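Here is the structure we will look at, set down as structure tokens.
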Amino acid sequence: MTEIFVRPDVRAHLDAMKAAPRPPMGDALIAMARAMTPAMMAAMAQFDLPVGDLGAIRDVTMPGPAGPIALRLFDPREAREPGPVVVFYHGGGFVLGSIDTHAGMAAEMARALDLPVISVEYRLAPEHPWPAALDDGEAAARWIAENGAAFDRSFTGLVLAGDSAGGTVTAVTALALRDRPAAVPFLAQLPIYPKVDFTQIHPSDEMFSDGFGLDGADMAYFERAYAPDPQHWRGSPLIADQTGLPPTLVVTAALDPLRDNGRAYAAALARAGVHVIFREFAGTIHGFCSYRAAIPSARADFAEMMALARVVIAGGG
């Protein structure tokens, strides 16, 4: 059997997690998370780098399908000319995560792309199972396209981006915007280690289900709580016809249970004639983009990913 390559700093992070395990994923842990204040939620992002300097951070509330949706603008510039905007969907297995937990990642994306990034506080399971997160994700993209003035900006195009569960929201929203365009053109999408297929178990689901940061028991709980219809394209966007989607960057981690989801998605896009760039980072794990403090090598990975994203966005514009 071939030995699995694990970067030294990734191994150190995994060893530290094993030495200080958190409570098992379940309803009790979710209840604890729901009781946290925004400041406490932000403190959960101890594995990532801080937000750092930006020209503008602005909180806006929009009307959503089932109530208000919080949005937060991250922009390296205090003011800017009309241009594209990135709509960002955080990860967290559809049950965890928030604007606050992913603020560092959204801020660095804004700096690296020199674009405004707007993070979306979509509804979470188990209180709000499938398709609530997707309804909010699509509604947010459409509202942002029409309401740049709410952020003192003028948006000329949309870029969708998200990590993990947010990558799923990205892929589903991409199909929705292809079929019914928003108020401004849909330029590109950046799904980062997404879950796009609930119809089957892929080899990587089992290969990396124990000891690589995203354990099989956690994934099983996430799926039970989210409760998607695996045979519907909004449950498993991989089964949809991908024809006509804009330029796409698909990012995976080599030691991720979701690795094969991302590989299959990139292949489906390519077969459909979509301009796709696929980048898999060796020796690292699911979530590395928001582990840049705990895994220093992830900083270079993120920088490379953003360089590729600029190519994809330019292709869509």
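Every read-out reported here was derived from the displayed coordinates using simple, explicitly stated rules and does not represent laboratory data. This is a predicted model, so every value here is computed, not measured. Here the Cβ is made from the backbone with ideal geometry for all residues, glycine too, and neighbour counts use every protein chain on show.
Just a few scattered comments:
- Protection proxy ranking of 259-271, 38-50 - average other beta-carbon atoms within 10 Å, highest first: 259-271, 38-50
- Using 0.36 nm per residue and subtracting the Cα-Cα separation, the extra length available between Met17 and Asp210 on full extension is 68.2 nm.
- Gain upon complete extension [Val60, Glu146; 0.36 nm per residue less C-alpha separation]: 29.6 nm
- Karplus-derived HN-Hα couplings along segment 270-287 (A = 6.51, B = -1.76, C = 1.60, θ = phi - 60°), whole Hz, x at Gly and Pro: 4, 4, 7, x, 7, 6, 10, 10, 10, 9, 10, 9, 6, x, 10, 10, 4, x
- Ordered by the count of other Cβ atoms within 10 Å of each Cβ, fewest first, Arg310, Arg123 give Arg310, Arg123.
- Relative contact order %, the chain, counting alpha carbon pairs below 8 Å whose residues are six or more apart: 19
- Cβ crowding within 10 Å averaged over residues, with 13-20, 171-178, 191-198 ranked highest first: 191-198, 171-178, 13-20
- Whole-angstrom gap from segment 139-184 to segment 250-278, using each part's C-alpha centre: 21
- Among (i) 28, 62, 9, 0; (ii) 35, 61, 4; (iii) 27, 53, 19, 1, the entry that matches P(r) over Cα pairs in 20 Å bins from 0, in percent as calculated here: (ii)
- Taking label positions 7 Å along the Cα-Cβ direction at both Met32 and Ala217, the computed distance is 1.4 nm, reported to one decimal.
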